[in-house]
Amino acid sequence: MCAKWEDSIKGRKLHPESLMMGYGYKPEWSEGSLKSPIFQTSTFVFKTAEEGKAFFEVAYGLRKANEGEGIGLIYSRLNNPDLEILEDRLSLWDGAEAAAAFKSGMAAISTTMWAYLRPGDVLLYSRPIYGGTDHLANFVLPEFGITPIDFDCRDTINSIEARLTRDAPGKRVGLILIETPANPTNDLIDIAMGTELARRHSTDDHKVPVAVDNTFLGPVFQRPLDHGADIVIYSATKFIGGHSDLIAGAALGSEEMMAPVRAMRTFLGTMVGPWTGWLLLRSLETLSLRMTRQAANAARVAEFLRDHDKVLNLHYLGHLDAGHPQFELFKRQCLGSGSMIAFEIPGGEPAAFRFLNALRMVHLAVSLGGTESLAEHPASMTHADVGREEKDRLGVTDGLVRISIGVEHPDDLILDIGQALDAV
């Protein structure tokens, strides 16, 4: 596919919201079709044997691509037009040089880990974190000789360094993984702190990458690459997909940092399929509209919950004020508050379950970022296999409920949440 696209008019750069409608695709390629067709094919026909040889040389790194030469279409495990267009458009939101689409968010996370972690390495990661990532870090990676060491929003560089010295003396930091805002508490982790840690532990032979799971806010309300991150990771199932009808993931960064990830994806076979890629192209056209409406709805719901007598410890980024220890970080790192809300209901799991069971319009389901509002109980669902002591330390209590606010009318959301709190 062509590497250059018109992204400006009269020298003025167009915004991602506009470029989502056509960037990376030309209608003349497909009989004038306004939208890219679904390239539902496993393999592609070469014009000549020489062309096939050249495509494989570049794809397998046998030689460097010539100027203007990309990876030709070979086989859909390597590349596919729907995915190339998707990755071109995804890159625009974060200002990335390269992107890779995956079969799921966990595929994006695990493939990035396998690309950069080796036996004997340390994975330095933030907590709380998505339950699947937590399980991978603490139960799977140690079987391969990789040591997970966690930190949270209260840690400083000095306290993290002390933990590394105590728990992994002499070991190489292979990767720093940050999830911010954290799932499910909305705790913010300082990306710039992560990049400074990476700088301290990088050598001439090994640059420590900083990967940021940007699922909760991105790509509309947070741009980790602007704050020094090397790789941005998404569960594209969530806001990017946005309709609760697909499973996908994505990773983005510089050409240099993404090259090992893309190579690992090729041989793990974790690339997303063309049908899902096409659905994601559809979703990108309304991404900003959806996330902006969801954030506005969340602000209304959070205001209702702020002073409710059955709500404790409301976790909502829009209510951080100048006196909060994370306020300055929020102003520096985030472009908006997003639409994720968590709060504790007095009475533990029984009270939280009464609330969840009483919801009539908000759906009781895991996942987030869809057009419909979803509520779940992290301690017994998404974070079920995190230890009890660790849950308590991180604020994932038995009374905590997480809600992903959708695009419904905010008055109706408040009505439903209010009547469900009455049931408690």
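The values are calculated or read from the model by the stated rules, or taken from the named source; none is laboratory data. A quick note: this is a predicted structure, and the numbers were derived from the prediction, not measured. Counting neighbours? That spans all protein chains shown, and the Cβs are built from the backbone with ideal geometry, glycine included.
Details
- Condition check for Asp187: in contact (Cβ under 8 Å) with a residue 12 or more places away in the chain, in contact with a helix residue (DSSP H, G or I) (Cβ under 9 Å, 6 or more places away or on another chain), in a strand (DSSP E or B) and not small (Gly, Ala, Ser): no
- Of the numbered criteria (1) closer than 21 Å to His227 by Cα; (2) of a type in the set (A, V, I, L, M, F, W, C); (3) in a loop (DSSP other than H, G, I, E, B); (4) out of contact with any strand residue (DSSP E or B) (no Cβ under 9 Å at 6 or more places or on another chain), the one Leu92 fails is (3).
- Contact annotation: residue pairs with Cβ atoms under 8 Å, 6 or more positions apart or on different chains, pairing a residue in segment 210-235 that is of a type in the set (Phe, Trp, Tyr) with a partner that is in a helix (DSSP H, G or I) and surrounded by 22 or more Cβ atoms within 10 Å (Cβ to Cβ), are Phe221/Met291; Tyr234/Gly105; Tyr234/Ala108.
- Annotation note: of Ser126, Ser104, the sole residue that is over 27 Å from Pro16 (Cα atoms) and modelled with pLDDT of 95 or more is Ser126.
- Selection within segment 116-171 - of a type in the set (D, E, K, R) and either in a helix (DSSP H, G or I) or in contact with a strand residue (DSSP E or B) (Cβ under 7 Å, 6 or more places away or on another chain) (or both): Arg118, Asp121, Arg127, Asp134, Glu143, Asp150, Asp152, Glu161, Arg163, Arg166, Asp167, Lys171
- Checking each residue in segment 143-169 for being β-branched (Val, Ile, Thr) and over 26 Å from the mean Cα position of the chain (by Cα) picks out only Thr165.
- Some residue of segment 266-276 being over 27 Å from the mean Cα position of the chain (by Cα) and farther than 23 Å from Asn214 by Cβ: no
- Residue list for segment 367-424, restricted to those being within 30 Å of Phe151 (Cα to Cα), modelled with pLDDT of 95 or more and among the β-branched types (Val, Ile, Thr): Val401, Ile403, Ile405
Let's see how each residue does on (1) surrounded by 21 or more Cβ atoms within 10 Å (Cβ to Cβ); (2) of a type outside the set (Phe, Trp, Tyr); (3) at pLDDT 95 or above:
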position	(1), (2), (3)
Gly131	no, yes, no
Ala137	yes, yes, yes
Phe144	no, no, yes
Ile149	no, yes, yes
Ala162	no, yes, yes
Arg166	no, yes, yes
Pro181	yes, yes, yes
Leu188	yes, yes, yes
Ile191	yes, yes, yes
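- Within segment 389-408, being farther than 16 Å from Ala352 by Cβ and surrounded by fewer than 15 Cβ atoms within 10 Å (Cβ to Cβ) holds for Glu389, Arg393.
- Selection within segment 2-53: residues that are of a type in the set (D, E, K, R) and in a strand (DSSP E or B). The member of this set that is farthest from Arg265 (Cα to Cα) is Arg12.
- Pairs with Cβ under 7 Å, 6+ apart, first in segment 12-41 and at positive phi and of a type in the set (Gly, Ala, Ser), second surrounded by 14 or more Cβ atoms within 10 Å (Cβ to Cβ) and assigned to a loop (DSSP other than H, G, I, E, B): Gly24/Trp5
- Selection status of Arg172, exposed (fewer than 14 other Cβ atoms within 10 Å of the Cβ), assigned by TED's automatic domain parsing to the domain that holds Asp213 and out of contact with any Lys or Arg (no Cβ under 6 Å at 6 or more places or on another chain): no
- Scan of segment 371-401 for residues that are closer than 16 Å to His315 by Cα, out of contact with any His (no Cβ under 8 Å at 6 or more places or on another chain) and basic (Lys, Arg), ordered by number: Arg393
- Looking across segment 302-317, the residues that are buried (at least 19 other Cβ atoms within 10 Å of the Cβ) and under 24 Å from the mean Cα position of the chain (by Cα) come down to Ala302, His315, Tyr316, Leu317.
- Subset of segment 404-420 [over 10 Å from Val362 (Cβ atoms) and part of a helix (DSSP H, G or I)]: Pro410, Asp411, Ile414, Leu415, Gly418, Gln419
- Among the residues of segment 54-64, none qualifies, meaning not one is buried (at least 19 other Cβ atoms within 10 Å of the Cβ), assigned to a loop (DSSP other than H, G, I, E, B) and out of contact with any Pro (no Cβ under 8 Å at 6 or more places or on another chain).
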